[in-house]
1. Among (1) touching a Leu at 6+ places or on another chain (Cβ under 6 Å); (2) farther than 22 Å from PRO16 by Cβ; (3) assigned to a helix (DSSP H, G or I), there is one condition LEU126 misses while meeting the rest; what is its number?
2. ALA168 fails exactly one of the following numbered conditions: (1) touching a helix residue (DSSP H, G or I) at 6+ places or on another chain (Cβ under 9 Å); (2) at pLDDT 90 or above; (3) open to solvent by 40 Å² or more (accessible area, probe 1.4 Å); (4) not charged (D, E, K, R). What is the number of that condition?
3. As an exercise: evaluate LYS57 against (1) open to solvent by 30 Å² or more (accessible area, probe 1.4 Å); (2) within 16 Å of the chain's Cα centre (by Cα); (3) not aliphatic (A, V, I, L, M) and give the number of the one condition it does not meet.
4. Under 6 Å by Cβ, and 6 or more places apart or on different chains, what pairs join a residue from region 19-30 that is under 12 Å from ARG169 (Cα atoms) with one that is in a helix (DSSP H, G or I) and of a type in the set (Val, Ile, Thr)?
5. Residues in region 108-123: is at least one free of Cβ contacts under 8 Å to residues at least 12 places away in the same chain and either open to solvent by 10 Å² or more (accessible area, probe 1.4 Å) or in a helix (DSSP H, G or I) (or both)?
6. Among the residues of region 129-139, which ones are assigned to a helix (DSSP H, G or I) and either open to solvent by 20 Å² or more (accessible area, probe 1.4 Å) or not β-branched (Val, Ile, Thr) (or both)?
7. Based on this model, can you work out whether ALA78 counts as without any contact (Cβ under 8 Å) to a residue 60 or more places away in the chain and not polar (S, T, N, Q)?
8. So ALA186 passes all but one of these: (1) under 13 Å from SER29 (Cα atoms); (2) open to solvent by less than 50 Å² (accessible area, probe 1.4 Å); (3) at pLDDT below 95. Which condition number does it fail?
Amino acid sequence: MKPVRIAVVTAGLSVPSSTRLLADRLADSVGRQFAGREGVVDVTVVELRELAVDIAKNLVTGFPAPVLRRAIEAVTDADGLIAVTPVFSASFSGLFKSFVDVIDRDALVGKPTLIAATGGTARHSLALEYAVRPLFVHLRAQVVPTAVFAAPEDWGSAGDGRTAALAARIGRAAAELVAAGGQSIAGEADTIGSPATATSATDSITAREQAWSRA
């Protein structure tokens with residue numbers, strides 16, 4: 001069975017990054033819900049921080065470097081997209097927008113897309129609806145209804161109410177991305193939502209959470 005390809009774009013700038021942590025949590029939830037009982041999910045993480053110089057050069061020259069070309073292809077060839085940005089000045093980051101700008105404007109048409117963001121305060125969550133969602137709607141992507149925002153207080157200890165609320169939002173958004181794919185992603189699968197094996201880059205989520213909580 002052909003693997004389901006999920007591209008995860010994360011625009012966090014620091015290490016560790018709450019943006020990357022949220023991206024990994026989303027990818028893990030999607031992978032678990034997406035992989036059928038005999039299926040495999042192939043998750044490719046595109047870390048924009050590592051591509052910043054190549055993105056800037058592409059904007060000037062119009063020609064992507066090989067590493068940037070592979071990142072673009074990972075996004076455009078994927079069956080589903082998870083896009084996560086930090087909120088700067090009440091909108092998506094410049095790095096995030098610059099990467100979107102180097103992708104062909106028709107490459108995301110109809111692509112199931114989950115949008116998410118992180119910020120210093122919960123008040124910035126509105127940026128998802130008035131900035132990030134309109135961007136992908138303009139590109140005619142199929143954006144799922146639930147957008148996921150994580151503020152610093154959402155990264156509490158296990159059992160904390162806010163932590164549980166974030167987990168619930170992640171699970172709901174992941175389920176919507178899985179459902180949005182329909183036959184174009186799930187292929188012959190008759191059911192979705194059963195935990196299964198997934199190949200991804202999210203094997204150290206707990207460790208990242210602990211590192212972030214100490215940072």
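1. So LEU126 meets the others, but not (1).
2. Answer for ALA168: the failing condition is (1).
3. In the conditions (1) open to solvent by 30 Å² or more (accessible area, probe 1.4 Å); (2) within 16 Å of the chain's Cα centre (by Cα); (3) not aliphatic (A, V, I, L, M), LYS57 misses (2) alone.
4. From region 19-30, the pairs are ARG25/ILE170; LEU26/ILE170; SER29/ILE170.
5. Taking region 108-123 as the starting set, the residues that turn out to be free of Cβ contacts under 8 Å to residues at least 12 places away in the same chain are 123.
Right, trim to either open to solvent by 10 Å² or more (accessible area, probe 1.4 Å) or in a helix (DSSP H, G or I) (or both) and you get 123.
Within region 108-123, one or more residues are free of Cβ contacts under 8 Å to residues at least 12 places away in the same chain and either open to solvent by 10 Å² or more (accessible area, probe 1.4 Å) or in a helix (DSSP H, G or I) (or both).
6. Taking region 129-139 as the starting set, the residues that turn out to be assigned to a helix (DSSP H, G or I) are 129-138.
Residues satisfying the conditions are GLU129, TYR130, ALA131, ARG133, PRO134, LEU135, PHE136, VAL137, HIS138.
7. Numbers: without any contact (Cβ under 8 Å) to a residue 60 or more places away in the chain: no; not polar (S, T, N, Q): yes.
So ALA78 fails the test.
8. (1)
The values are calculated or read from the model by the stated rules, or taken from the named source; none is laboratory data. Not measured: the values here are computed from a predicted model. We place every Cβ from the backbone using ideal geometry, glycine too, and count neighbours over all the protein chains shown. Only protein heavy atoms, including side chains, enter the accessible area calculation; ligands, DNA and RNA are left aside. Shrake-Rupley method; radii C 1.70, N 1.55, O 1.52, S 1.80 Å.
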